[in-house]
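Report on the structure given below.
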Amino acid sequence: MKIAVFDTKAYDKPGFEAVGEKTGITFKFFEPKLNEDTVELAKGFDGVCIFVNDTANAAVIDRLHELGIRIIALRCAGFNNVDIKHCYGKIHVVRVPAYSPYAVAEHAMAMLLTSVRRIHKAYIRTRDFNFSLNGFTGFDLYGKTVGVIGTGKIGRVFIDICKGFGMKVIAYDKYLAEDAGLEYVDLPELYRRSDIISLHCPLTEETHYMINAETIGLMKKGVVILNTSRGALIDTDALVEGIKARKVGAACLDVYEEESDIFFEDFSGHIVEDDTLARLISMPNVIVTSHQAFLTEEALGNIAETTAENLLEFEQSGACKNELCYHCGRVDECRKHRLKKCF
């Protein structure tokens, strides 16, 4: 198979080159993101490999189909940037559902600790030989209540880490993990009881802007909000207002709803025109990292290997266990559920 890899960064290449040599798959790396302007780069390939900020809308999918593309291989877990329903009958879509839940969960805890103990500020201060502790008073995590929204693999690893700190955990998920021994509550109760709220759920129509002015109003004064999932889970304008009103005590964001044209790029020598992001970064109780929670050696290796396995499985059998469901409507006769080719 020949696969066009879009939005490629230097850290992507070693893993994919290694699995390419091992499997015989040819990966061609392109720096531009996939969108309506760059889709022609896919000509002559069997499939495309894309990441979180590539765009596979209806127009792109139609053109990929015309170019003979048979498969879109997401090298991530989320798929909100792909029009899955429009793909049905045209192009198969596979993803990497779990590359390293530890990487993301550990990053979420690293941001939380950095924020509440002012580690980022202490680093800057001591670099100037300023050893004053003024303004560095934090709080113990022990005994605090953390509300975890989403109890998939990443959410449950984060819960285990929190338990290790002696924190009380409450959780919300549309689909309960019955064997997890968790205290599930509804969202309003989670908002009211939590000292810290961490988001570990996918972005869907239902979860879009689940953190908004109304839900922030339900939260404790001084609540800390963590987001390592998808930016549009949070209404950023409402978050800014919540911080200004001293309702939100801190925010730790590895994702941002308007990140697609900013994250993964170097703008250190430029003026960033996104006023909302600039304001967030300027706030002393906000930490922003540029969608790096996944970025560990283990995760990158797993992403490349699983992507290659998905492609080989599809090539050999026409079906793949990590293929996304196309909502064909045939609940009892769903071919995917019977591990057969959808179409």
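The values are calculated or read from the model by the stated rules, or taken from the named source; none is laboratory data. Since this is a predicted model, take the numbers as computed values, not measurements. Using ideal geometry, Cβ is built from the backbone for each residue, glycine included, and neighbour counts are taken over all protein chains shown. These area figures cover heavy atoms from the full protein model, side chains too; ligands, DNA and RNA do not enter into them. Shrake-Rupley method; radii C 1.70, N 1.55, O 1.52, S 1.80 Å.
So here's what we get for this one:
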read-out	value
Summed residue charge, Cβ within 10 Å of Asp235's Cβ, Lys/Arg positive, Asp/Glu negative	-4
Segment 147-240, accessible surface, carbon-and-sulfur percent (1.4 angstrom probe)	52 percent
The chain, accessible area per residue, ligands and nucleic acids excluded (1.4 Å, Å²)	50 Å²
Radius 14 Å from Cβ of Glu36, net charge of other residues (Lys, Arg +1; Asp, Glu -1)	-4
For the chain, share of DSSP beta bridges that run antiparallel, in % to the nearest 5	5 percent
Rounded, prolate or oblate (a/c below 1.5 giving rounded, otherwise prolate when a/b exceeds b/c) for segment 158-201 by Cα gyration tensor	oblate
Shape call, segment 32-154: gyration tensor on alpha carbons, a/c limit 1.5	prolate
Rounded Å value of the spacing that divides the Cα centres of segment 285-315 and segment 191-210	23 Å
Projected-area average for the chain over all orientations - Cα convex hull basis, square nanometres	19.2 nm²
Cα-based equivalent ellipsoid, segment 156-288: semi-axes from gyration tensor eigenvalues, Å	27, 16, 14
Under 5 Å, built H, 5+ apart or other chain: amide partners of Asn81	none
Average silhouette area of segment 8-69, convex hull of alpha-carbon atoms, in square nanometres	4.3 nm²
Sum of side-chain charges, Lys144 neighbourhood, beta-carbon under 10 Å (Lys, Arg +1; Asp, Glu -1)	-1
Anchor Lys341: lysines whose Cα lies under 25 Å away (excluding residues fewer than 8 positions away in-chain)	Lys2, Lys43, Lys85, Lys90, Lys321
Protection proxy ranking, peptides 69-82, 208-221, average beta carbon neighbours within 10 Å, highest first	69-82, 208-221
Lysines whose Cα lies under 30 Å from that of Lys244, excluding same-chain neighbours fewer than 8 positions away	Lys121, Lys144, Lys168, Lys220, Lys221
Computed helical MRE - 222 nm, the chain, DSSP H runs ≥ 4 contributing -39500 (n - 2.57), nearest 500	-9500 deg cm²/dmol
Accessible surface of segment 21-112, 1.4 Å probe, proportion on carbon and sulfur as whole %	47 percent
Shape call, segment 219-300: gyration tensor on alpha carbons, a/c limit 1.5	oblate
Anchor Lys163: aspartates and glutamates whose Cα lies under 16 Å away (excluding residues fewer than 8 positions away in-chain)	Glu106, Asp140, Glu183, Asp195
Between segment 149-179 and segment 253-282, the alpha-carbon center distance in angstrom	30 Å
Span-rule helices in the chain, defined as complete DSSP H runs reaching 18 Å or more along the axis (Cα) with Kyte mean at least 0.5	101-116
